[in-house]
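Working notes for the structure below.
The values are calculated or read from the model by the stated rules, or taken from the named source; none is laboratory data. What you see is a predicted model, and the numbers here were worked out from it, not measured in a lab. No Cβ is skipped: glycine too gets one built from the backbone with ideal geometry, and neighbour counts run over all protein chains shown.
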Amino acid sequence: MIISVLFILINCNFKKKFDTEFHEFVENSDSVLCDDDKLHPSYAYLKDGKLRGLEFIRNPECGRITTRYFISQSNEIEKIIFEKDFFFNNCGETFDSIYIIEPKKKSIKIFTKSTDGEFIKNDKILKQHIIDVEKYREEIINWKKVKN
């Protein structure tokens, strides 16, 4: 019982830490755009017309998947935070996992109930989360402004 409570507290702290890190990275954005999909919203954070961050929220029936991209001034992906939070036990075991991906370093760090920030080597995960930033720069032109 005590171990379960500690896990929940530690995992919540990791989640909160990474949520805060992304929101601090994009907090000085002068506009936020949304693709207007109510079930699976995507957000683009811009500063002076330049893309600073992307956030994709998916809500499968088992829980929630959030992917956040930190975009550099030179339009490159600095970091990706990929979070799976499967909280409905009707899809099997509930679990949380957070992947911190740094593409330039080819580094992946994973936080789960059994790993506390363990580095892993997995090219499939790395390739799966790399996106074409330029494609989204063009796509977001049609997105709806949610913040000026």
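Evaluating SER74 against the criteria (1) of a type in the set (Gly, Ala, Ser); (2) modelled with pLDDT of 90 or more; (3) buried (at least 16 other Cβ atoms within 10 Å of the Cβ) leaves one unmet condition, (3).
All conditions in (1) of a type outside the set (Gly, Ala, Ser); (2) modelled with pLDDT under 90; (3) surrounded by 11 or more Cβ atoms within 10 Å (Cβ to Cβ) hold for ASN148, with the sole exception of (3). Considering region 1-51, and only residues there that are of a type in the set (D, E, K, R) and either modelled with pLDDT under 80 or closer than 15 Å to ILE98 by Cβ (or both), the residue that is nearest to the chain's Cα centre (by Cα) turns out to be ASP19.
Only one residue in ILE80, ILE65, ILE98 is touching a residue at least 60 places away in the same chain (Cβ under 8 Å), within 13 Å of the chain's Cα centre (by Cα) and in a strand (DSSP E or B), so which one is that? Exactly one residue qualifies, and that residue is ILE98.
If you take the residues of region 83-95 that are out of contact with any Ser or Thr (no Cβ under 9 Å at 6 or more places or on another chain) and in a loop (DSSP other than H, G, I, E, B), which of them is modelled with the lowest pLDDT?
From region 83-95, those out of contact with any Ser or Thr (no Cβ under 9 Å at 6 or more places or on another chain) are 89-94; that's our starting set.
If we keep only those that are in a loop (DSSP other than H, G, I, E, B) as well, we get 92-94.
On the way: GLY92: 67, GLU93: 65, THR94: 60.
Result: THR94.
Contact annotation: residue pairs with Cβ atoms under 8 Å, 6 or more positions apart or on different chains, pairing a residue in region 44-58 that is charged (D, E, K, R) with a partner that is assigned to a loop (DSSP other than H, G, I, E, B), are LYS47/ASN28; LYS47/SER29; LYS47/ASP30; ASP48/ASP30; LYS50/GLN73; LYS50/ASN75; ARG52/SER29; ARG58/HIS40.
For region 93-130, the candidate set comprises residues that are of a type in the set (A, V, I, L, M) and loosely packed, with under 14 Cβ neighbours inside 10 Å; within that set, the residue that is farthest from PHE22 (Cα to Cα) is ILE120.
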